[in-house]
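The structure appears right after this line, and notes come after that.
The values are calculated or read from the model by the stated rules, or taken from the named source; none is laboratory data. All of these numbers come straight from a predicted model, not from anything done at the bench. Note that each Cβ is placed from the backbone with ideal geometry, even for glycine, and that neighbours are counted across all protein chains shown. Ligands, DNA and RNA are excluded from the accessible area calculation, which covers all protein heavy atoms including side chains. Shrake-Rupley method; radii C 1.70, N 1.55, O 1.52, S 1.80 Å.
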2 protein chains.
Amino acid sequence: MPPKRTETESVPPLPTAGELDILAVLWRLGPATVREVHEAVNKEIGYTTTLKQMQVMLDKKLVIRSERFRSHVYEAGIPKGQTQSRIVGDLLVRAFEGSAARLVMGALSAKPASKGELNEIRRMIDEFEKGMGR
Amino acid sequence: MPPKRTETESVPPLPTAGELDILAVLWRLGPATVREVHEAVNKEIGYTTTLKQMQVMLDKKLVIRSERFRSHVYEAGIPKGQTQSRIVGDLLVRAFEGSAARLVMGALSAKPASKGELNEIRRMIDEFEKGMGR
DNA sequence: AGTATATTACGATAATAGTCGTATGTCAAC
DNA sequence: GTTGACATACGACTATTATCGTAATATACT
């Protein structure tokens, strides 16, 4: 069994699939209420299910929230890029032997990219190379 | 809840985290016994745990197996590239709005790649572009 | 104040994943 | 043919995730 998870972790655990869907909505909308998130995720689940999930995420520090006269407003507890990077990093070692090239291969064969997007990836790599060693 | 999973699916479900670890070992070793897999995964769990997991995976069609005089020999039930692609594809839509470029960004910031690997990715993209529309 | 409506808190339940113990089976070597 | 070393089958238990119902709370509108 994975080590028992306490609520006092410095770094939050990776989000589960359902939690990631909620995070993705928060990334897209910015700070939002449970109601707004619930409508945006667009799954066939009840409102209180979304609510409960977000409460659990609060406990895990995956989101933070603030009062707003009537309801709560939630936002991601960790910067989007950092979470994305942790998730991909995990997948990278688990399924791709740490090879980013193979991961890109997998991504492209899963969802063929347009020429424009291929160029975007190229630019990204160039950028990254320029910033290396710093 | 996700739709109840029957054992008669045409396409297997995505592997769970633990299952992926086992698949990764099978990809690395090729056909292997439970014992071999168990030693390779190198986790602090009992032998029968690995065994049970692989039996569940067999039921899900994530692996296939054949008799071999004394024990069973397992291998991946689906080509490695296809499974990798399905996993990344899922992540792509869930966490990266379908943008491969952002995914690459996430991968590079998770585990900085060497110049050699960056070139490898470039070659991969070139290859992919050449083969487009076919 | 009193009712209606929306929100939150929280416990109960169910489904899935992970874990292991024990029984049973198989083979080889004595 | 008995014994020892492994293997498999399978049920049970635990932890986690997902789901929802209900009660309590807050706000708004008469």
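Here are a few things to note about the model shown:
- Which listed residue is touching a residue at least 24 places away in the same chain (Cβ under 8 Å) and within 15 Å of DNA strand C (Cβ to nearest atom), from B:Thr33, B:Thr48: B:Thr33
- Residue list for the stretch B:58-74, filter: of a type in the set (A, V, I, L, M, F, W, C), surrounded by fewer than 18 Cβ atoms within 10 Å (Cβ to Cβ) and away from DNA strand C (no atom under 13 Å from the Cβ): B:Leu58, B:Ile64, B:Val73
- Sole exception among (1) in contact with a Leu (Cβ under 9 Å, 6 or more places away or on another chain); (2) assigned to a helix (DSSP H, G or I) for B:Thr48, by number: (1)
- Of all residues in the stretch A:87-124, those being under 27 Å from A:Gly30 (Cβ atoms), part of a helix (DSSP H, G or I) and either facing chain B (nearest Cβ under 7 Å) or open to solvent by less than 20 Å² (accessible area, probe 1.4 Å) (or both) number 9.
- Count - residues of the stretch B:16-57 that are within 13 Å of DNA strand D (Cβ to nearest atom), open to solvent by less than 50 Å² (accessible area, probe 1.4 Å) and more than 13 Å from chain A (Cβ to nearest Cβ): 9
- Contact map, the stretch A:62-75: residues that are closer than 20 Å to A:Gly18 by Cα paired with residues that are polar (S, T, N, Q) and open to solvent by 40 Å² or more (accessible area, probe 1.4 Å), Cβ distance under 6 Å, separation 6+ or inter-chain. Pairs shown: A:Val73/A:Ser66.
- Filtering A:Ser99, A:Ser71, A:Ser66 for residues that are under 25 Å from B:Ala101 (Cβ atoms) and of a type in the set (S, T, N, Q) leaves a single hit, A:Ser99.
- A:Ile78 more than 13 Å from DNA strand D (Cβ to nearest atom), aliphatic (A, V, I, L, M) and assigned to a helix (DSSP H, G or I): no
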